[in-house]
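Participant: Here you go, one structure.
Every number here is computed from the coordinates shown, using simple stated rules; none is lab data. Bear in mind that the values here come from a model prediction, so they are computed numbers and not experimental data. As a convention, Cβ positions derive from the backbone with ideal geometry for all residues, glycine included, and neighbour counts pool all protein chains shown.
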Amino acid sequence: MAQVVKITRKYQITLPRAIRECVPGLEEGRKVQIEVRDEEVVIRPIMEIPQSQAWFWTPEWQKAEQEVQKDVVAGNLSPSFKSAEEGINYLHRRRRQIKDQ
């Protein structure tokens, strides 16, 4: 979808409603990233992540999350445990098995 808008004083533009409704996350107060590609200007909403949650968004953690999701969908879930200690011991054994592969 393309629409024509006018650049106003201070180089501001208004995003038309039809454009805003097509892009999830374009809402008042939200920050956007503006990038120049060749001779085009690309505007993309960004998600700010609190520093205390940055670890979750690292590529390594996200890769692990995707692997877990695949296991959940496939029904490859860990067994139930009678105690926390039993669960921790299971995880230690699994870690050793994975390391040895």
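Participant: Of the labelled options (1) 15, 39, 29, 15, 2; (2) 15, 48, 31, 6; (3) 10, 24, 23, 16, 14, 9, 3, which one gives P(r) over Cα pairs in 10 Å bins from 0, in percent as computed for this structure?
Facilitator: (3)
Participant: Relative to the Cα centre, what is the charge dipole magnitude of the chain, using +1 at the beta carbon of each Lys and Arg, -1 at the beta carbon of each Asp and Glu, and rounding to the nearest 20 debye? Intermediate values should be presented prior to the final figure.
Facilitator: Details: 17 positive and 15 negative charges, 27 e Å.
For this selection, approximately 120 debye.
Participant: Then there's this: Relative to the longest principal axis of the C-alpha atoms of the chain, give the angle of the C-alpha long axis of helix 84-100, reported between 0 and 90° and rounded to the nearest 10°.
Facilitator: Its long axis makes an angle of about 80 degrees.
Participant: Now, a different point. Test of understanding: extend the Cα→C-beta vector of Glu60 to 7 Å, then name every residue of the range 81-101 with backbone N under 16 Å from that spot.
Facilitator: Inside the label zone: 99.
Participant: Choose one of Tyr11, Met47, Ile88: the residue whose Cα lies farthest towards the positive end of the charge dipole of the chain (beta-carbon charges +1 Lys, Arg; -1 Asp, Glu; about the Cα centre).
Facilitator: The one lying farthest along the dipole's positive direction is Tyr11.
Participant: Counting only GluC sites (Glu not before Pro) that sit in a DSSP loop (anything but H, G, I, E, B) with at most 12 other Cβ atoms within 10 Å, what is the longest stretch of the chain containing none of them?
Facilitator: So the longest stretch without any such site is 49-101.
Participant: Then there's this: I want to verify a result. In a Gaussian network model of the chain, Cα cutoff 10 Å, which of these has the top mean-square fluctuation: Ala54, Ala64, Ala84?
Facilitator: Ala84
Participant: Another one. How high is the relative contact order of the chain, in percent, counting Cα pairs under 8 Å that sit 6 or more residues apart?
Facilitator: 10 percent
Participant: Provide the per-residue ³J(HN,Hα) series for the range 17-22, in order, calculated from phi with Karplus coefficients 6.51, -1.76, 1.60 and θ = phi - 60°, each as a whole number of Hz, with x at glycine and proline positions.
Facilitator: Rounded to whole hertz, the list is 3, 4, 6, 4, 6, 7.
Participant: Rounded to the nearest 20 Debye, what is the dipole magnitude of the range 11-63 about its Cα centre when Lys and Arg each give +1 and Asp and Glu each give -1 at the C-beta?
Facilitator: For this selection, approximately 160 debye.
Participant: Okay, next question. Suppose we keep just the alpha-carbon trace of the range 51-100; what are its Rg and Dmax in angstrom?
Facilitator: 13.5, 36
Participant: Using DSSP to define loop residues, name the trypsin sites (Lys or Arg not before Pro) in the range 1-73 whose beta-carbon has at most 12 other beta-carbon atoms within 10 Å. Walk me through the intermediate numbers first.
Facilitator: Details: sites: Lys6, Arg9, Lys10, Arg17, Arg20, Arg30, Lys31, Arg37, Lys63, Lys70; in loops: Lys6, Arg30, Lys31.
Within the range 1-73, the qualifying trypsin sites (Lys or Arg not before Pro) (loop, at most 12 other Cβ atoms within 10 Å) are Lys6, Arg30, Lys31.
Participant: So if R0 is 30 Å, what FRET efficiency would Val42 and Gln69 give, r being the distance between their Cβ atoms, rounded to the nearest 0.05?
Facilitator: The formula returns an efficiency of 0.55 here.
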